1. Read through the list (1) more than 16 Å from Gly201 (Cβ to Cβ); (2) assigned to a helix (DSSP H, G or I), then give the number of the only condition that Pro45 fails.
2. Just one of the numbered conditions (1) more than 27 Å from Gln129 (Cβ to Cβ); (2) under 17 Å from the mean Cα position of the chain (by Cα); (3) in the same structural domain as Ser86 (by TED's automatic domain parsing) is not true of Gln51; which one?
3. Is it the case that some residue within region 175-188 is out of contact with any helix residue (DSSP H, G or I) (no Cβ under 9 Å at 6 or more places or on another chain), outside the structural domain of Val376 (by TED's automatic domain parsing), among the aliphatic types (A, V, I, L, M) and farther than 21 Å from His364 by Cα?
4. Can you find even one residue in region 200-210 that is more than 26 Å from Ile241 (Cβ to Cβ) and of a type in the set (Val, Ile, Thr)?
5. For Leu145, state whether it is assigned by TED's automatic domain parsing to the domain that holds Lys66, of a type in the set (A, V, I, L, M) and surrounded by 13 or more Cβ atoms within 10 Å (Cβ to Cβ).
6. Please determine whether any residue of region 181-194 is part of a strand (DSSP E or B) and either in contact with a Leu (Cβ under 7 Å, 6 or more places away or on another chain) or at pLDDT 90 or above (or both).
7. Which residues, taken from region 156-212, are surrounded by 16 or more Cβ atoms within 10 Å (Cβ to Cβ) and of a type in the set (S, T, N, Q)?
8. Here is a check on your reading of the model: is Phe331 modelled with pLDDT of 70 or more and either within 20 Å of the chain's Cα centre (by Cα) or over 26 Å from Asn159 (Cβ atoms) (or both)?
Amino acid sequence: QKKFKVPTLFVTNAGNSMRARKAQQLSEWLGVEVLEDQVVMSHSPLKMFRQFHNKHILVNGQGPLKEIAQNIGFSRVTTTEELAYSFPNLDKMDHQRRKAAPCAFEKFFPRIEAVILFGEPVRWETPLQLIMDVLLTNGHPSDELVDIPYPHIPVLACNMDLLWMSEHKLPRLGHGCFMNALEGLYQKITGKEMKYTALIGKPSEITYHYADFLLTQHARLLGVDQIRTIYCIGDNPETDIYGGNLYNRYLQRRKHSNGQKQGKKLRVALTSSSDASFLDDDNDDDEYEDTRMFLRGSGANLRVIRSLEEDTSGVEKAHSCESILVCTGVFKTSTDFVSFASNRLFSHNHRDFVIDPALTTPNHVVPDVLEAVKLVFEKEGYS
């Protein structure tokens, strides 16, 4: 089996399988050995969220959810299907599945301490109901609703894609649509905005930090000492391109900051002041200007980014990140993208990401992945 000569990473917003399984699939499809550490699933960065690993979490999505969660590091995991079984009176959407009597063990069920959304479920109605029950009862679904707790228990979401491309000519509804439904229900029922403790997967900056870390490790395996430019190839301007451009802004600000003050600690300015508690109090306000995270209200993301910075403090990061849009997914031709970019007054990105047209504009537009690779080789002088 052929092997890579150039440091390569596969970053996907899929979250319904293990990294090892995805690496095996890619190896079979490409005829090249793809290692597990060359794959970043939407949920992979959760490995860095150690503060949640010992909490009792409710997980939602498809695939081997418990196995995925436990492989990442979570030790106490309940799926929405298991929650419905433990609390038969909660699931009333399907009349044929209704249970007549409650479970005798409901009061002994341990409190749910956090919710993790891995991806869209098969049947949306039951997870929407059960997740709402958990949020409204502070993790005790059997309790009566006296006062609505706010803020609610932590919610971490992977993969914010509103749409994705399948074999059909029109894009399909993605996990972002499920998240929109959940947010809308919470807003309508409580009159308050549902908050996310962390948003993970493209275009979240935390995913690119984690990917850069793994890419550096792969480069070392190949004998490459320094990666100067990262090329992000993808078919969706609002995930692949937005994320790549956002990470490039981080790299440029970091380089500028290091040039101004050697040894100065990197700071991330959030658009939500409520997350200031995650920052050290003994630093001047001007340090917040070093880099900007275009994501509001995500203190857990900030913690993990700072942890990664500390863990890789001796490793020189890439100097820049260039985005390449391929026209084999959401866009079929470069003309489609030009029309999209110039005529659109709305965003398909998650509500917590700042709308910035510059971030969805690729550095390059090519017909397909092969042409993207050729372009990279040409720019880097590979033969």
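1. Going through the list (1) more than 16 Å from Gly201 (Cβ to Cβ); (2) assigned to a helix (DSSP H, G or I), Pro45 breaks only (1).
2. Checking Gln51 against (1) more than 27 Å from Gln129 (Cβ to Cβ); (2) under 17 Å from the mean Cα position of the chain (by Cα); (3) in the same structural domain as Ser86 (by TED's automatic domain parsing), the one that fails is (2).
3. Within region 175-188, one or more residues are out of contact with any helix residue (DSSP H, G or I) (no Cβ under 9 Å at 6 or more places or on another chain), outside the structural domain of Val376 (by TED's automatic domain parsing), among the aliphatic types (A, V, I, L, M) and farther than 21 Å from His364 by Cα.
4. no
5. no
6. no
7. Listed by number, the residues that qualify are Asn159, Thr190, Thr197, Ser204, Thr207.
8. For Phe331, the condition - modelled with pLDDT of 70 or more and either within 20 Å of the chain's Cα centre (by Cα) or over 26 Å from Asn159 (Cβ atoms) (or both) - is not met.
The values are calculated or read from the model by the stated rules, or taken from the named source; none is laboratory data. Values in this document were obtained by computation on a predicted structure and should not be read as measured data. Don't worry about glycine lacking a Cβ; one is built from the backbone with ideal geometry, like all the others, and counts go over all protein chains shown.
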